[in-house]
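Below: one structure, written as structure tokens.
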Amino acid sequence: MKIKAVTAIAAALIATSAFADEDAELVINGEIEIVTKTAAPAHLSDAMDEILSGWRFRSEGTQAMQMDDFDNPGMSAVDAAAEAWDTVEGSEGKSCASCHGAAEDSMAGVRAVYPKWNDAAEEVRTLAMQINDCRENKMGADKYGYTSGDMAAMEALITLQSRGMPVNVAIDGPVQATWEAGKELYYTRTGQLDLSCANCHEDNYGNMIRADHLSQGQINGFPVYRLKNTKLNTVHDRFKGCVRDTRAETFKPGGAEFIALELYVASRGNGLSVEGP
Amino acid sequence: MADGVKPRVKAPKKAAAGEVVTIKCLISHKMESGQRKDSDGNKIPRSIINRFTCDFNGASVIDVAMEAAISTNPYFQFEATVPEAGEFKFTWYDDDGSVYEDTKKVAIG
């Protein structure tokens with residue numbers, strides 16, 4: 001018991017020195033108010049009451065970087081993607097802009113509802129799959145690598161247009177089977193360490209796993225710039241990293257397992273604002 | 001010109017006469033140091049921004065000589081006194097001879 005008390009004090013000390021004010025609110029550029037804490041969606045009511053954006057788990061310095069687009073290193077990728085948006089590529093002589101016009105208008109609200117069901121293809125599509133479908137079938141261009149820098153940048157550009165809007169992915173209807181599969185995966189232990197997503201991100205968020213401060217693993221801020229590898233990271237990249245850290249063979253980014261997991265994890269953030277990049 | 005170079009500057013549009021303002025400048029640039037080797041073992045030639053300057057109405061505000069150990073996407077933040085309405089001019093000099101420029105007007109008020 002005594003040891004436990006000491007640990008608790010140590011944890012409290014760390015919490016005050018390394019982590020930011022828990023009541024801080026995220027306002028970007030002094031104008032875009034971001035919901036980083038809200039009531040959990042109905043399907044999570046058994047597991048938790050409140051959902052928290054990953055931003056709340058970062059140190060003050062890192063938080064500040066996201067509060068100003070000039071300081072946000074992810075924005076240089078957005079600039080690059082804005083150029084790619086207007087660049088004609090492929091056999092059809094089209095750019096993204098040829099069909100979609102200005103990203104600011106056509107892409108507003110898109111990120112908030114992805115992954116979603118595609119009627120024509122009869123599959124659950126992630127944003128990355130949709131981008132590649134456009135590139136391959138509409139533009140006649142080469143597909144981007146699923147977790148490549150070009151893809152992350154394009155996702156960031158599209159995500160930016162929904163910033164501040166609530167995440168609202170559908171979990172019923174045609175996507176339900178996929179959503180259930182994702183949920184199954186979320187609670188399935190993997191690897192030599194025998195950990196499921198839930199062990200860290202549902203049961204232990206807020207605690208330290210060695211030097212890492214565990215968040216709820218929300219993906220409303222993806223694609224996210226990580227100081228660790230100084231680039232934008234896609235959701236599937238991060239899933240892969242987490243599964244690898246359980247010492248398991250990982251699933252393939254862009255594969256059926258991660259698509260299902262992305263849908264499920266995204267739905268756990270229904271109600272938080274889209275934050276990325 | 002190196003690929004994907006884009007200067008960005010954040011400066012206030014308005015300032016009081018004599019006010020000290022904060023200016024942030026960032027240029028996306030790979031800043032290849034010249035120390036690295038490619039997969040065949042050949043040296044990758046140095047390609048960096050070697051000088052950055054800022055002028056206000058022709059008067060020098062800052063003049064920075066940059067060397068090979070500076071990281072990618074160099075970012076400068078500095079303070080400048082605005083004595084009168086005018087224009088900040090920012091210039092980056094690339095090893096390959098390219099010059100990138102940006103300007104920001106500041107009004108008094």
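What follows is calculated from the coordinates using simple rules that are stated; it is not laboratory data. As the structure is a computational prediction, the values presented were derived from the model and not from experiment. Glycine also receives a Cβ, built like all others from the backbone with ideal geometry; neighbour counts cover every protein chain displayed.
Given springs between every Cα pair under 10 Å in a Gaussian network model of chain B, which of B:Lys43, B:Lys13, B:Lys24 has the largest fluctuation?
In this elastic network of chain B, the residue with the biggest mean-square fluctuation among B:Lys43, B:Lys13, B:Lys24 is B:Lys43.
Report the residue, chosen from A:Asp46, A:Asp172, A:Asp69, that carries the largest GNM mean-square fluctuation when chain A is represented by alpha-carbon nodes joined by springs under 10 Å.
A:Asp46
Can you give the FRET efficiency to the nearest 0.05 for A:Asn29 and B:Asp40, using r as the Cβ-Cβ distance and R₀ = 41 Å?
With a Förster radius of 41 Å, E is 0.35.
Give me the net charge of B:Asn50's neighbourhood, meaning all other residues with Cβ under 11 Å from the Cβ of B:Asn50; Lys, Arg count +1, Asp, Glu -1.
-2
Taking 0.36 nm per residue of separation and subtracting the Cα-Cα distance, what length does fully extending A:Asn199 through A:Glu92 add?
33.7 nm
Of A:Gly217, A:Gly145, A:Gly254, which has the largest mean-square fluctuation in a 10 Å C-alpha GNM of chain A?
For chain A, modelled as a Gaussian network with Cα springs under 10 Å, the answer is A:Gly145.
If I take R0 = 35 Å and measure r between the Cβ atoms of A:Asp105 and A:Asp172 in this structure, what FRET efficiency does the formula 1/(1 + (r/R0)^6) give, to the nearest 0.05?
On the way: r = 29 Å, r/R0 = 0.84.
For R0 = 35 Å, the calculated efficiency reads 0.75.
Using the count of nearby Cβ atoms within 10 Å as a rough guide to exposure, how do A:Ser215, B:Ser60 rank from fewest to most? Walk me through the intermediate numbers first.
Values: A:Ser215 18, B:Ser60 9.
Least to most surrounded, the residues fall as B:Ser60, A:Ser215.
In whole Å, how far is the Cα centre of region B:1-59 from that of region A:220-250?
What the calculation gives is 29 Å, centre to centre.
Whole angstrom only: what separates the Cα centroid of region A:66-122 from the Cα centroid of region A:167-215?
28 Å
If you take the charge dipole of the protein assembly as shown about its Cα centre, with +1 on Lys and Arg Cβ and -1 on Asp and Glu Cβ, which of A:Ala84, A:Ile219, A:Cys99 is farthest toward its positive end?
A:Ile219
By the scheme Lys and Arg +1, Asp and Glu -1, what is the net charge of all other residues having a beta-carbon under 10 Å from that of B:Ile27? Can you show the working numbers first?
Working: positive: B:Lys6, B:Arg8; negative: B:Asp94, B:Asp102.
Result for the local shell: 0.
Defining a contact as two alpha carbons under 8 Å apart and six or more residues distant in sequence, what relative contact order in percent does chain B show?
Rounded, it is 33 percent for chain B.
Check each of the trypsin sites (Lys or Arg not before Pro) in region A:196-277 and keep only those in coil by DSSP with at most 13 other C-beta atoms within 10 angstrom; list them in order.
Within region A:196-277, the qualifying trypsin sites (Lys or Arg not before Pro) (loop, at most 13 other Cβ atoms within 10 Å) are A:Arg210, A:Lys228, A:Arg247.
Using only helices, what value at 222 nm comes out for chain A when you add -39,500 (n - 2.57) per DSSP H run of length 4 or more and divide by the total residues, to the nearest 500 deg cm²/dmol?
Computed mean residue ellipticity for chain A: -11000 deg cm²/dmol.
Counting only C-alpha contacts under 8 Å and six or more residues apart, can you give the relative contact order of chain A as a whole percent?
Averaging sequence separation for qualifying contacts and normalising by length gives 24 percent for chain A.
Restrict the search to region A:179-277; then list the chymotrypsin sites (Phe, Trp or Tyr not before Pro) that DSSP places in a loop and that have at most 15 other Cβ atoms within 10 Å of their Cβ.
Here the sparse-neighbourhood loop sites are A:Tyr187.
Which of the GluC sites (Glu not before Pro) across region A:218-277 are loop residues per DSSP, with 14 or fewer other Cβ within 10 Å?
For GluC sites (Glu not before Pro) across region A:218-277 that sit outside H, G, I, E and B with at most 14 neighbouring Cβ atoms in 10 Å, the list reads A:Glu249.
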